[in-house]
Amino acid sequence: MLDLDKLKTALPTQSWTQDPDIIAPHLTEWRDKYQGHTPLMLTPRNTAEVALAVKICAQHNIKIMPQGGNTGLVGGQTPMGEVLLSTRKMNKLRDLNAVNNSMIVEAGATLQSIHRAADTIERKFPLFLASQGSCTIGGNLSTNAGGNHVLKYGTTKDLVFGVEAVLASGEIYNGLTSLRKDNTGYDLSRLFLGAEGTLGIITAASLKLFPKPGYIQRAIVGVDNPTSAMALLGHCRAGDALSMFEVIPHIGFEAVVNNMPNQRDPFASPHPWYVLIDWDVETEELGAKLAQAKLANAVETGIIRDAVIAQNETQAAQILSIRENMSAGQKFLGGSIKFDITVPLQTIPEFIKTAGKKVETLIPGCRPVSFGHFGDGNIHYNIAQPYGMDKEKFLGKWQTVSEVIFDTVDAFGGSISAEHGIGTMKKEDLVRRADPVKLAMLKTIKVALDPQNIMNPRVMI
Ligand SMILES: Cc1cc2nc3c(=O)[nH]c(=O)nc-3n(C[C@H](O)[C@H](O)[C@H](O)COP(=O)(O)OP(=O)(O)OC[C@H]3O[C@@H](n4cnc5c(N)ncnc54)[C@H](O)[C@@H]3O)c2cc1C
């Protein structure tokens, strides 16, 4: 019997497929950068089926790649011959606890379904990404996703008590605690956070919930440059109310409002840069007062050019929608070379200036679109192709541009991956740039937990 047949025989017929039409959407990804192939897609319905499948893979040295919502941006979920294991059928809510502010949910649940479940008990799971309708909590944990509210709530790593995971041996690690205190050795659940499926398959997670703010006050502001945006960040902090601080340059803003459906420019005249701000407050009245006081003062002192304060939920949604459409909107600018980097917060304006000069020297006429989570020091440093340049020729320069951007990131004491992970895209960069001691520790952990290298073998290290 062929090795794959052993998997097919052991699992129920509903838990695997070789139908090319069903598999096809799992082989392409958001950026159209990778096109994968797989001999078999497993679609387990519970942890026991995942464990059985992985045990057989271990016995026969079959390589396996986990996939959640397939919204990853670094090629970590596109199989190139590995067996693909989709977690999407594993989406049950196992526990919802208003007393402990916690929830236990299976790995294939979408982030949006988790928001809805938390909502039913007047709680908030504060991870918000534009991909939340599709991405899964297993993928969020495995990439340690960030999103729009990190400056108040932290990354996914900060939002979890523990995980259940199937190890490369097929054994089940049960770390599904909801204890707020547990000092019994290494925090093993954390090994799986940001591991991108290289150490095992997360099958469920115990998540932290937070009180729902009474009101979220949103505003959009026009500023002259990133230096003003940084000054505004300091100005807008008010206790711990500030929960979002996202920045968009005019080129990106225009690409969205001019091209994406149902968009409108909230300003009467254009601004060089835009900042989207949320404050979590108790009441609508407090939100309006806080926003008016902060922003009126910022206009008077010349930090900002203009501001629009959302007057209702519809306006608030319209403002956020501009940010959420940034990835899609950039497609109208032609080819894009993209980086997800982080630098020390206060150095963002200098980084943008320095990197801008360097890429202009490399590709005259190219158009940087530096946007994103400035409140966390995280820039999606994207570069749109020059007008009239051949798209493929431009994209062919990705590696050369990478070297320059990553050298600059290193010089600023930053990180080459802020929130998207390493995947296959940045694997070589990690190997070349990481501290050798860190690299050796990563490899030691990988070999200890996956000695045959069957778990997502081409990813990260
Ligand atoms: C429009 C758009 C906006 C985005 N915005 C953000 C953003 O603001 N912040 C941010 O951080 N990311 C963002 N992303 C990236 C992406 O949504 C996140 O990385 C997300 O966490 C991936 O979840 P997923 O379920 O789609 O994972 P997938 O893409 O399926 O997989 C991602 C990685 O996790 C592994 N994996 C998936 N599930 C499991 C599991 N159960 N166990 C072990 N390994 C697993 C995969 O093998 C792969 O390496 C965005 C993506 C898009 C398309």
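The values are calculated or read from the model by the stated rules, or taken from the named source; none is laboratory data. Note that the coordinates shown come from a computational prediction; the quantities given were computed from them, not determined experimentally. Quick reminder, even Gly has a Cβ in these numbers, built from the backbone with ideal geometry, and neighbours come from all protein chains shown. With ligands, DNA and RNA removed, areas are computed over all heavy atoms of the protein, side chains included. Shrake-Rupley method; radii C 1.70, N 1.55, O 1.52, S 1.80 Å.
For Ser417, the residues 5 or more places off, or on other chains, whose built amide H falls under 5 Å of its own are Thr342.
Ordered by 1.4 Å accessible area with all protein chains kept, Tyr153, Tyr381 run largest first as Tyr153, Tyr381. Under the criterion of Cα pairs below 8 Å and six or more residues apart, the relative contact order for the range 219-357 equals 38 percent. Taking every protein chain into account, the accessible area of the range 133-198 amounts to 42 square angstrom per residue (probe 1.4 Å).
Residues whose amide H comes within less than 5 Å of that of Phe161, counting only those at least five positions distant or on another chain, are Ser206, Leu207, Lys208 (H built at 1.01 Å from N in the peptide plane).
Comparing Cα centroids, the range 1-64 and the range 253-284 end up 43 angstrom apart. When the surface is traced with a 1.4 Å probe over the full set of protein chains, Glu428 keeps roughly 120 Å² accessible.
Under the rule a/c < 1.5 gives rounded, and otherwise a/b versus b/c splits prolate from oblate, where does the range 1-116 land using the Cα gyration tensor? It comes out oblate by the Cα gyration axes. For the range 334-424, the Kirkwood hydrodynamic radius comes to 13.2 Å, computed from all pairs of different C-alpha atoms. A straight Cα-to-Cα reach below 23 Å connects Lys353 with the lysines Lys338, Lys397, residues fewer than 8 places away in its own chain not being considered. Would you be so kind as to identify which of Leu159, Gln59, Thr227 lies farthest towards the positive end of the dipole of the chain, taking Lys and Arg as +1 and Asp and Glu as -1 on Cβ and the Cα centre as origin? Of Leu159, Gln59, Thr227, it is Gln59.
Equivalent-ellipsoid semi-axes for the chain (Cα gyration tensor, √(5λ), whole Å, largest first): 38, 27, 20. Ranked by the mean number of other Cβ atoms within 10 Å per residue, highest first, peptides 76-88, 341-353, 306-318 order as 76-88, 341-353, 306-318. For the residue pairs Lys152/Lys446; Lys33/Lys157; Lys33/Lys331; Lys157/Lys438, alpha carbon separations beyond 23 Å are given by Lys152/Lys446; Lys33/Lys157. Rounded to whole numbers, the Karplus 3J(HN,Hα) couplings from phi for the range 326-341 are 4, 5, 5, x, 5, 4, 6, 8, x, x, 9, 9, 10, 9, 10, 10 Hz, using 6.51 cos²θ - 1.76 cosθ + 1.60 with θ = phi - 60°, and x at Gly and Pro. Annotation: amide H of Val369 within the under-5 Å range of Asn382, Ile383, Ala384, sequence separation 5 or more or interchain, hydrogens built in the peptide plane. With all protein chains in place and ligands, DNA and RNA left out, the 1.4 Å accessible area ranks Ser189, Ser134 as Ser134, Ser189, largest first. Here Lys294 is the anchor, and the aspartates and glutamates within straight C-alpha reach of less than 15 Å, apart from those fewer than 8 places off in the same chain, are Asp240, Asp278, Asp280, Glu285, Asp306. Surface composition of the chain: carbon plus sulfur atoms contribute 54% of the solvent-accessible area (1.4 Å probe, protein chains only, all chains present). Based on C-alpha pairs under 8 angstrom that are at least 6 apart in sequence, the range 91-213 has a relative contact order of 32 percent.
Listed by chain and number, the lysines whose C-alpha is less than 18 Å from the C-alpha of Lys6, apart from same-chain residues fewer than 8 away, are Lys55, Lys63.
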